[in-house]
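Scroll down for the structure; my scribbles are underneath it.
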There are 10 protein chains.
Amino acid sequence: MLYCVTMEVRIPHDMDLERLERLKAEERARAQELQRAGSWRHLWRVAGRYANVSIFDVADHDELHAILSTLPLFPFMDIAVTPLARHPSAID
Amino acid sequence: MLYCVTMEVRIPHDMDLERLERLKAEERARAQELQRAGSWRHLWRVAGRYANVSIFDVADHDELHAILSTLPLFPFMDIAVTPLARHPSAID
Amino acid sequence: MLYCVTMEVRIPHDMDLERLERLKAEERARAQELQRAGSWRHLWRVAGRYANVSIFDVADHDELHAILSTLPLFPFMDIAVTPLARHPSAID
Amino acid sequence: MLYCVTMEVRIPHDMDLERLERLKAEERARAQELQRAGSWRHLWRVAGRYANVSIFDVADHDELHAILSTLPLFPFMDIAVTPLARHPSAID
Amino acid sequence: MLYCVTMEVRIPHDMDLERLERLKAEERARAQELQRAGSWRHLWRVAGRYANVSIFDVADHDELHAILSTLPLFPFMDIAVTPLARHPSAID
Amino acid sequence: MLYCVTMEVRIPHDMDLERLERLKAEERARAQELQRAGSWRHLWRVAGRYANVSIFDVADHDELHAILSTLPLFPFMDIAVTPLARHPSAID
Amino acid sequence: MLYCVTMEVRIPHDMDLERLERLKAEERARAQELQRAGSWRHLWRVAGRYANVSIFDVADHDELHAILSTLPLFPFMDIAVTPLARHPSAID
Amino acid sequence: MLYCVTMEVRIPHDMDLERLERLKAEERARAQELQRAGSWRHLWRVAGRYANVSIFDVADHDELHAILSTLPLFPFMDIAVTPLARHPSAID
Amino acid sequence: MLYCVTMEVRIPHDMDLERLERLKAEERARAQELQRAGSWRHLWRVAGRYANVSIFDVADHDELHAILSTLPLFPFMDIAVTPLARHPSAID
Amino acid sequence: MLYCVTMEVRIPHDMDLERLERLKAEERARAQELQRAGSWRHLWRVAGRYANVSIFDVADHDELHAILSTLPLFPFMDIAVTPLARHPSAID
């Protein structure tokens, strides 16, 4: 099942830099692992913002929440979820 | 170049039904033509709303506007455009 | 799968009264049919507004959209959908 | 009497971790106690967010406020309350 | 039980004037009847707007909704309801 | 002259607890003093929020501002003021 | 007593032109009468919008509402009222 | 003096088509005349919307308002004006 | 040229009190100097908020920005600027 | 390709002043370099705010994001991007 997910990242300015770099590296590793697994089907950067637009393909809401809430940067993200249904004019 | 485009359709309640059906048929034909041409790369329905989330792949802003502004239902849509850049963690 | 759905109804003031009454009767019949079928698990009125808060239990986004978009009053409703996951502190 | 309550949790990033874990454990214990008592009738996680949608069944506004304002995470939550009336099309 | 209710009235500009005057007269009669009955405890005009701030004292959400949804001007009002609990510093 | 005033209290999470308790006690004393004096005519808690809805009866804007801006918790409150006029359908 | 009042005018596109011109002429006459009387102390156009920023000097909320609600264009205006107190740094 | 002006055009769906085409032609002629005169220094289309972002260079607020409020499509536009000052890092 | 300027002051709760008092004293001195010079033509307190509504009369946008951006409390203010044109119904 | 970009700068009040001055100097140097290179075609200050309106002329979304996300003040800016297409009435 598909979901459009937008994530805005807001890093506190006084956060420890080393911790931040570690979190970012973990986030990247996790994002790539999920892409390879097929759950994180698309990942795009919103031009000009520390934000992304993503398409997830997962079994259900529980799996989506399990994935998003364990992202290393989850505590610093504002996330919006839009459930996507098949469009009657889509050809794929 | 990629754009995330969301379209909310708002049909006036007193619109002529025949005209509306004709516009919808034209919209569907145009949407499928653009998908086959590769410009309208993804088209999903927002569950529960007369709205869609789409990904367009076009040469530039002018081509995007030319496509969107000539959609048959354009006068009845509220459209938001987000330019998408490559994400550093994307694997594709 | 569960979804929290809020529906705000906005009836145009110049709508034909007979048509409106017919639509309302059809809406009620459909809502009760879906409740009996188990898809529309809860239906509450928002006190003071022509609106409701509902819980739907359906197979997937497509079924949710199929149900909502064919409600007789759908063209006159502003609908918001929130996908609900299991809460770790829920006891049921 | 029924209320739909949404709670968004916002934990300050520099909060003491031990204190946070203690608060979360207390919150969970309290939530389960209230569910067993029947006041907190439903508790769902909003997929992708540190938030929940809940249905409370209490005697009056005072009881609702007494419950919500003494939740261990109350100081870190943004809460919205919607009073729910019986819907004329509800079958239960 | 107390509720703070704000009502914004929006009259369509092309509404029949006679019908509007009749509705306003009925609204006034109903408002005064409810004030005398004690349900509509306070009624104030928002200075500069066709709007009011009101305090209702009713048995429960159902009674509140029954009252508000049968006001003659209900179809033309945007209503917000805030449930009021006893304040610990109130002296009355 | 009457004003509807809503106050949302937002206490910084790292505030000194002793100072906070002192401010709250002072706030309560001041609120009760003003209620006894007749300026703070009504004080209700917004169910589920650290917020109140109040009705003030004062000579003019200057007196209202003098009262509100010297409340002990004023620096931590987001305040909205609505001037109330007499409603033509009010019976009191 | 002073109030800052902003008025946004929204004329329905299908309004009778003759009626509109008559209302505008009456509005202008009334605005000038109130300025000469000293109640409408300042009247400025918001550059680029069919809107104004005004300062009213009246006895109380009732007088302000009586003035605003009888403006000929009142049914077509969205009005916001801000009560103004004396500023401690003002020299006048 | 420079102003950034954004204009969103909202054409009522039941507007007479001939009148609309005439207004659009007049709007275009006026826009080009003002560009040639140097007052309308830049005019860009917002991709995907019936809207523009413009830079005006005029003597003062009065001239700006005189220009904008006499645009043929002014009654159908939602306009936002941002006064632009010289930026200390600008090199032109 | 006239501008309506609203300023909301937001003082961080952990700011050094001595520094804050010094900034406030400087702000007051500067505000009075600018009022005497005629640039800051009106200065009113928004009743109930740490905010003001002001009218500035300056040569151009650059002068306005130079004044506002050097106010001692500028880093703690949220400022909105509205350019004011002459109103056709104004009598002054 | 053209983009309208607005940047709001929000400096945390407890930021180290020396670091801030260094970042500002670097931001200015980078802004001027990009203007000379032709990518940052216009840069204006929003009068009264620590904000700018800019026009960028770059090859694509990726170049825009590369530029914006490496600005020294990027972590402290709220950025909005509007893709600009050619306007049919533009004469340049």
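The values are calculated or read from the model by the stated rules, or taken from the named source; none is laboratory data. Keep in mind the model is a prediction, meaning the values are calculated, not measured. Note that each Cβ is placed from the backbone with ideal geometry, even for glycine, and that neighbours are counted across all protein chains shown.
Which residues, taken from segment J:71-92, are of a type outside the set (A, V, I, L, M, F, W, C), more than 8 Å from chain H (Cβ to nearest Cβ) and surrounded by 16 or more Cβ atoms within 10 Å (Cβ to Cβ)? Lay out the reasoning, then the answer.
At the first step, the residues of segment J:71-92 found to be of a type outside the set (A, V, I, L, M, F, W, C) are J:72, J:75, J:78, J:82-83, J:86-89, J:92.
From what is left, the residues that are more than 8 Å from chain H (Cβ to nearest Cβ) are J:72, J:75, J:78.
J:P72 - this is the single residue of segment J:71-92 that is of a type outside the set (A, V, I, L, M, F, W, C), more than 8 Å from chain H (Cβ to nearest Cβ) and surrounded by 16 or more Cβ atoms within 10 Å (Cβ to Cβ).
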Query - Restricting segment C:1-21 to residues that are over 21 Å from C:H87 (Cβ atoms) and touching a residue at least 24 places away in the same chain (Cβ under 8 Å), the residue that is surrounded by the most Cβ atoms within 10 Å (Cβ to Cβ) - result: C:M7
Report summary line: Among (1) loosely packed, with under 15 Cβ neighbours inside 10 Å; (2) on the phi < 0 side of the Ramachandran plot, J:G38 falls short only on (2)
Query raised in the report: Since E:H65 meets every condition but one in (1) in a helix (DSSP H, G or I); (2) more than 12 Å from C:R49 (Cα to Cα); (3) not aromatic (F, W, Y), which condition does it not meet?
Result: (2)
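Are any of the residues in segment D:4-23 facing chain C (nearest Cβ under 9 Å) and more than 17 Å from A:M77 (Cα to Cα)?
Just the residues of segment D:4-23 that are facing chain C (nearest Cβ under 9 Å), to begin with: D:4, D:6.
Of the ones still in play, those that are also more than 17 Å from A:M77 (Cα to Cα) are D:4, D:6.
Yes, there is a match, as at least one residue in segment D:4-23 is facing chain C (nearest Cβ under 9 Å) and more than 17 Å from A:M77 (Cα to Cα).
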Query raised in the report: Given the conditions (1) facing chain A (nearest Cβ under 10 Å); (2) in contact with a Lys or Arg (Cβ under 6 Å, 6 or more places away or on another chain), which single one is not true for B:A51?
Result: (2)
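Condition check: at pLDDT 95 or above, touching a Phe, Trp or Tyr at 6+ places or on another chain (Cβ under 8 Å) and more than 12 Å from chain J (Cβ to nearest Cβ). Does H:V58 satisfy that? Before the answer, list the steps.
Working: at pLDDT 95 or above: yes; touching a Phe, Trp or Tyr at 6+ places or on another chain (Cβ under 8 Å): yes; more than 12 Å from chain J (Cβ to nearest Cβ): yes.
For H:V58, the condition - at pLDDT 95 or above, touching a Phe, Trp or Tyr at 6+ places or on another chain (Cβ under 8 Å) and more than 12 Å from chain J (Cβ to nearest Cβ) - is met.
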Report task. Give the residues of segment D:71-91 that are of a type in the set (V, I, T) and touching a residue at least 24 places away in the same chain (Cβ under 8 Å), sorted by residue number. Result -> D:I79, D:V81, D:T82
**Report entry** Residue under evaluation G:L43, criteria (1) more than 10 Å from chain I (Cβ to nearest Cβ); (2) in a strand (DSSP E or B); (3) free of Cβ contacts under 8 Å to residues at least 60 places away in the same chain, criterion not met
**Finding:** (1)
Query raised in the report: Given the structure, is H:V46 crowded, with 17+ Cβ neighbours inside 10 Å and touching a Gly at 6+ places or on another chain (Cβ under 8 Å)?
Result: no
Query raised in the report: For residues in segment H:50-60 being out of contact with any helix residue (DSSP H, G or I) (no Cβ under 8 Å at 6 or more places or on another chain) and part of a loop (DSSP other than H, G, I, E, B), which is surrounded by the most Cβ atoms within 10 Å (Cβ to Cβ)?
Result: H:D60
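Which is away from chain D (no Cβ under 14 Å), surrounded by fewer than 20 Cβ atoms within 10 Å (Cβ to Cβ) and without any contact (Cβ under 8 Å) to a residue 60 or more places away in the chain, of C:E33, C:E27, C:E63? Break it down stepwise before answering.
Working: C:E33 fails: away from chain D (no Cβ under 14 Å); C:E27 fails: away from chain D (no Cβ under 14 Å).
Among C:E33, C:E27, C:E63, only C:E63 is away from chain D (no Cβ under 14 Å), surrounded by fewer than 20 Cβ atoms within 10 Å (Cβ to Cβ) and without any contact (Cβ under 8 Å) to a residue 60 or more places away in the chain.
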Requested in this report: Look through segment I:63-92, keep the residues that are of a type in the set (D, E) and within 15 Å of the chain's Cα centre (by Cα), and return whichever of them is nearest to J:A47 (Cα to Cα).
Outcome: I:E63
